[in-house]
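Below: one structure, written as C-alpha coordinates.
The values are calculated or read from the model by the stated rules, or taken from the named source; none is laboratory data. For clarity, every value in this text was computed on a predicted model and none was experimentally measured. Glycine gets a Cβ as well: all are built from the backbone with ideal geometry, and neighbour counts include every protein chain shown. These area figures cover heavy atoms from the full protein model, side chains too; ligands, DNA and RNA do not enter into them. Shrake-Rupley method; radii C 1.70, N 1.55, O 1.52, S 1.80 Å.
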Amino acid sequence: MLARATGKACGGQEGTVSSGQQAGRFEQLQSAFEEEIQGARAAQERAVQAMQGLSPKLRATAGDVQLLNVEITDSSTQQKRSMRTLDSVTIDMPLGGKGRDAYTRAMDEIKGLANTLADNRGSASIVVQQAAADVKARRVNTASGETKSPGGQLIKVEKQVAQSLPAGVERYTVKAGPIRGNL
(Lines give C-alpha, C1' and ligand atoms only; values in the text may rest on other atoms or scores of the structure.)
Protein backbone atom coordinates (compact mmCIF):
# COMPACT_ATOMS: atom_id res chain seq x y z
CA MET A 1 0.00 0.00 0.00
CA LEU A 2 2.82 2.42 0.82
CA ALA A 3 4.43 1.81 -2.54
CA ARG A 4 1.16 2.37 -4.39
CA ALA A 5 0.41 5.59 -2.51
CA THR A 6 3.87 7.10 -2.87
CA GLY A 7 5.02 5.72 -6.18
CA LYS A 8 8.15 4.07 -4.78
CA ALA A 9 9.13 0.84 -3.08
CA CYS A 10 8.46 0.63 0.65
CA GLY A 11 11.48 1.78 2.57
CA GLY A 12 13.30 2.65 -0.66
CA GLN A 13 15.71 5.56 -0.95
CA GLU A 14 15.09 8.10 -3.70
CA GLY A 15 17.16 11.26 -3.48
CA THR A 16 16.18 14.24 -1.36
CA VAL A 17 12.63 15.36 -0.81
CA SER A 18 11.60 18.92 0.03
CA SER A 19 9.32 19.51 3.01
CA GLY A 20 6.51 20.51 0.64
CA GLN A 21 6.90 17.29 -1.32
CA GLN A 22 7.12 15.40 1.97
CA ALA A 23 3.84 16.84 3.24
CA GLY A 24 2.22 15.92 -0.07
CA ARG A 25 3.47 12.35 0.20
CA PHE A 26 2.07 12.06 3.74
CA GLU A 27 -1.25 13.46 2.47
CA GLN A 28 -1.27 10.92 -0.39
CA LEU A 29 -0.65 8.12 2.06
CA GLN A 30 -3.37 9.31 4.46
CA SER A 31 -5.72 9.51 1.49
CA ALA A 32 -4.91 5.87 0.62
CA PHE A 33 -5.57 4.87 4.24
CA GLU A 34 -8.90 6.74 4.18
CA GLU A 35 -9.86 4.92 0.97
CA GLU A 36 -9.11 1.63 2.69
CA ILE A 37 -11.26 2.62 5.69
CA GLN A 38 -14.15 3.67 3.44
CA GLY A 39 -13.81 0.48 1.39
CA ALA A 40 -14.03 -1.61 4.57
CA ARG A 41 -17.12 0.28 5.73
CA ALA A 42 -18.70 -0.20 2.31
CA ALA A 43 -17.98 -3.95 2.35
CA GLN A 44 -19.52 -4.17 5.83
CA GLU A 45 -22.61 -2.33 4.61
CA ARG A 46 -22.90 -4.57 1.54
CA ALA A 47 -22.71 -7.68 3.76
CA VAL A 48 -25.50 -6.35 5.97
CA GLN A 49 -27.59 -5.27 2.97
CA ALA A 50 -27.24 -8.70 1.37
CA MET A 51 -29.29 -10.18 4.21
CA GLN A 52 -31.97 -7.47 4.50
CA GLY A 53 -34.49 -9.60 2.60
CA LEU A 54 -34.43 -12.24 5.35
CA SER A 55 -36.51 -12.16 8.52
CA PRO A 56 -35.07 -9.86 11.23
CA LYS A 57 -33.69 -12.79 13.26
CA LEU A 58 -31.68 -13.98 10.25
CA ARG A 59 -30.13 -10.65 9.27
CA ALA A 60 -26.50 -9.71 9.69
CA THR A 61 -25.70 -6.71 11.87
CA ALA A 62 -22.79 -4.33 11.53
CA GLY A 63 -20.41 -4.10 14.45
CA ASP A 64 -17.51 -1.80 15.12
CA VAL A 65 -15.06 -0.41 12.61
CA GLN A 66 -11.89 -0.05 14.66
CA LEU A 67 -9.25 2.50 13.66
CA LEU A 68 -5.80 3.06 15.05
CA ASN A 69 -3.01 5.56 14.69
CA VAL A 70 0.27 4.29 13.26
CA GLU A 71 3.48 6.27 13.20
CA ILE A 72 4.99 6.39 9.71
CA THR A 73 8.61 7.43 9.21
CA ASP A 74 9.95 8.92 6.00
CA SER A 75 13.03 6.89 5.13
CA SER A 76 14.85 9.80 3.52
CA THR A 77 14.18 12.64 6.00
CA GLN A 78 13.32 10.61 9.13
CA GLN A 79 10.29 12.85 9.58
CA LYS A 80 7.49 11.06 11.44
CA ARG A 81 3.77 11.47 11.27
CA SER A 82 0.89 9.69 12.97
CA MET A 83 -1.56 8.35 10.42
CA ARG A 84 -5.12 7.08 10.98
CA THR A 85 -5.49 3.54 9.63
CA LEU A 86 -7.97 0.67 9.61
CA ASP A 87 -7.58 -1.97 12.29
CA SER A 88 -10.68 -4.17 11.96
CA VAL A 89 -14.32 -4.49 10.90
CA THR A 90 -16.92 -6.63 12.70
CA ILE A 91 -20.15 -8.24 11.43
CA ASP A 92 -22.49 -10.54 13.37
CA MET A 93 -23.92 -13.36 11.25
CA PRO A 94 -26.90 -15.44 12.50
CA LEU A 95 -26.43 -19.18 12.03
CA GLY A 96 -30.05 -19.51 10.88
CA GLY A 97 -29.13 -17.77 7.63
CA LYS A 98 -26.59 -20.38 6.57
CA GLY A 99 -27.43 -22.16 3.35
CA ARG A 100 -29.37 -19.18 1.95
CA ASP A 101 -28.18 -17.13 -1.02
CA ALA A 102 -28.27 -13.93 1.07
CA TYR A 103 -25.94 -15.47 3.66
CA THR A 104 -23.56 -16.61 0.91
CA ARG A 105 -23.49 -13.10 -0.59
CA ALA A 106 -22.76 -11.59 2.83
CA MET A 107 -19.94 -14.09 3.40
CA ASP A 108 -18.55 -13.28 -0.05
CA GLU A 109 -18.32 -9.62 1.05
CA ILE A 110 -16.50 -10.60 4.25
CA LYS A 111 -14.06 -12.81 2.33
CA GLY A 112 -13.61 -10.13 -0.33
CA LEU A 113 -12.70 -7.59 2.33
CA ALA A 114 -10.16 -9.99 3.85
CA ASN A 115 -8.65 -10.58 0.39
CA THR A 116 -8.39 -6.85 -0.32
CA LEU A 117 -6.81 -6.11 3.06
CA ALA A 118 -4.35 -8.99 2.68
CA ASP A 119 -3.32 -7.75 -0.76
CA ASN A 120 -2.99 -4.16 0.53
CA ARG A 121 -1.14 -5.00 3.73
CA GLY A 122 0.61 -8.29 3.05
CA SER A 123 -1.67 -10.22 5.43
CA ALA A 124 -5.07 -10.18 7.11
CA SER A 125 -7.02 -12.32 9.51
CA ILE A 126 -10.60 -13.31 10.10
CA VAL A 127 -11.41 -13.97 13.74
CA VAL A 128 -14.65 -15.90 14.14
CA GLN A 129 -16.13 -15.78 17.63
CA GLN A 130 -18.63 -18.54 18.28
CA ALA A 131 -21.08 -18.90 21.16
CA ALA A 132 -20.06 -21.50 23.72
CA ALA A 133 -23.51 -23.13 23.44
CA ASP A 134 -23.12 -23.51 19.66
CA VAL A 135 -19.66 -25.03 20.02
CA LYS A 136 -20.87 -27.43 22.69
CA ALA A 137 -23.84 -28.47 20.53
CA ARG A 138 -21.52 -28.83 17.49
CA ARG A 139 -23.59 -26.40 15.40
CA VAL A 140 -20.47 -24.62 14.14
CA ASN A 141 -17.20 -25.54 12.47
CA THR A 142 -14.42 -24.84 14.98
CA ALA A 143 -11.44 -25.48 12.68
CA SER A 144 -8.96 -22.63 12.30
CA GLY A 145 -6.65 -22.42 9.30
CA GLU A 146 -4.91 -20.37 6.68
CA THR A 147 -5.68 -19.45 3.10
CA LYS A 148 -4.22 -17.14 0.47
CA SER A 149 -5.70 -14.10 -1.21
CA PRO A 150 -5.86 -14.03 -5.03
CA GLY A 151 -2.65 -11.98 -4.83
CA GLY A 152 -0.96 -14.75 -2.84
CA GLN A 153 -1.04 -13.02 0.56
CA LEU A 154 -1.71 -14.88 3.82
CA ILE A 155 -5.14 -14.80 5.48
CA LYS A 156 -5.44 -16.51 8.85
CA VAL A 157 -8.84 -17.77 9.97
CA GLU A 158 -9.03 -18.15 13.74
CA LYS A 159 -12.04 -19.57 15.56
CA GLN A 160 -12.63 -18.59 19.21
CA VAL A 161 -15.23 -19.53 21.80
CA ALA A 162 -16.95 -16.42 23.18
CA GLN A 163 -18.83 -16.89 26.43
CA SER A 164 -20.67 -13.57 26.06
CA LEU A 165 -21.91 -14.15 22.50
CA PRO A 166 -25.56 -15.29 22.28
CA ALA A 167 -26.28 -18.72 20.85
CA GLY A 168 -27.06 -18.75 17.14
CA VAL A 169 -24.64 -15.97 16.15
CA GLU A 170 -21.08 -15.95 14.84
CA ARG A 171 -19.10 -12.70 15.07
CA TYR A 172 -16.71 -12.16 12.16
CA THR A 173 -13.90 -9.66 12.69
CA VAL A 174 -11.76 -8.95 9.64
CA LYS A 175 -8.46 -7.55 10.86
CA ALA A 176 -6.02 -5.77 8.58
CA GLY A 177 -2.38 -6.83 8.71
CA PRO A 178 0.21 -4.43 10.10
CA ILE A 179 1.49 -1.49 8.09
CA ARG A 180 4.81 -2.51 6.58
CA GLY A 181 7.65 -0.28 5.50
CA ASN A 182 8.47 3.38 5.58
CA LEU A 183 7.33 6.23 3.39
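Mind telling me which of Ser76, Ser55, Ser88 comes out most flexible in a GNM of the chain, alpha-carbon contacts under 10 Å?
Top of the fluctuation ranking is Ser55.
Excluding residues on the same chain fewer than 8 positions from Lys57, give the lysines whose Cα lies under 17 Å from its Cα.
Lys98
Given a Förster distance of 35 Å, report the FRET efficiency between Gln28 and Leu154 from their Cβ-Cβ distance, rounded to the nearest 0.05. Display every interim value, and only then the final one.
On the way: r = 27 Å, r/R0 = 0.76.
Once the sixth-power term is evaluated, E becomes 0.85.
Once you have the Cα-Cα distance between Glu146 and Thr61, take 0.36 nm times their residue separation minus that, and quote the gain in nm to one decimal. All intermediate terms of the calculation are to be shown ahead of the outcome.
Details: separation 85, 0.36 × 85 = 30.60 nm, distance 2.54 nm.
Taking 0.36 nm per residue and subtracting the Cα distance, the gain is 28.1 nm.
Express the accessible area of the chain per residue in Å², computed with a 1.4 Å probe while the remaining protein chains stay in the model.
Numbers: 9400 Å² over 183 residues.
Solvent-accessible surface per residue comes out at 51 Å².
Could you tell me which label, among (1) 18.9, 63; (2) 19.8, 62; (3) 20.1, 75, carries the value of Rg and Dmax of the Cα atoms in Å calculated for this structure?
(1)
Below 8 Å, C-alpha to C-alpha, sequence gap of six or more: please give me the relative contact order for the chain in percent.
Details: 355 pairs, mean separation 46.3, N = 183.
Dividing the mean separation by the residue count of the chain yields 25 percent.
Multiplying the sequence separation of Leu68 and Arg105 by 0.36 nm and subtracting their Cα-Cα distance, what value in nm do you get? Kindly include the intermediate steps, with their values, before the conclusion.
Details: separation 37, 0.36 × 37 = 13.32 nm, distance 2.86 nm.
Result: 10.5 nm gained on full extension.
Where a Cα-Cα gap under 18 Å defines reach, which aspartates and glutamates qualify for Lys148, not counting those fewer than 8 residues away within the same chain?
Cα-Cα hits under 18 Å: Asp108, Glu109, Asp119, Glu158.
With a 1.4 Å probe and all protein chains left in place, how much of the accessible area of the chain comes from carbon and sulfur atoms, in whole percent?
Details: 4380 of 9400 Å².
About 47 percent, which is the carbon plus sulfur part of the accessible surface.
Just Leu67, Leu113, Leu86 to compare: in a GNM of the chain, with alpha carbon springs under 10 Å, which one fluctuates most?
Its mean-square fluctuation being the largest, the pick is Leu67.
When we measure straight from the Cα of Lys80, which lysines land under 25 angstrom away, once same-chain ones fewer than 8 places off are left out?
Within the straight-line limit of under 25 Å, Lys80 reaches these lysines: Lys8, Lys175.
If the only charges are +1 at each Lys and Arg Cβ and -1 at each Asp and Glu Cβ, what is the size of the charge dipole of the chain around the Cα centre, to the nearest 20 debye? Could you put the intermediate results ahead of the total?
Working: 24 positive and 19 negative charges, 111 e Å.
Dipole of the chain, to the nearest 20 debye: 540 debye.
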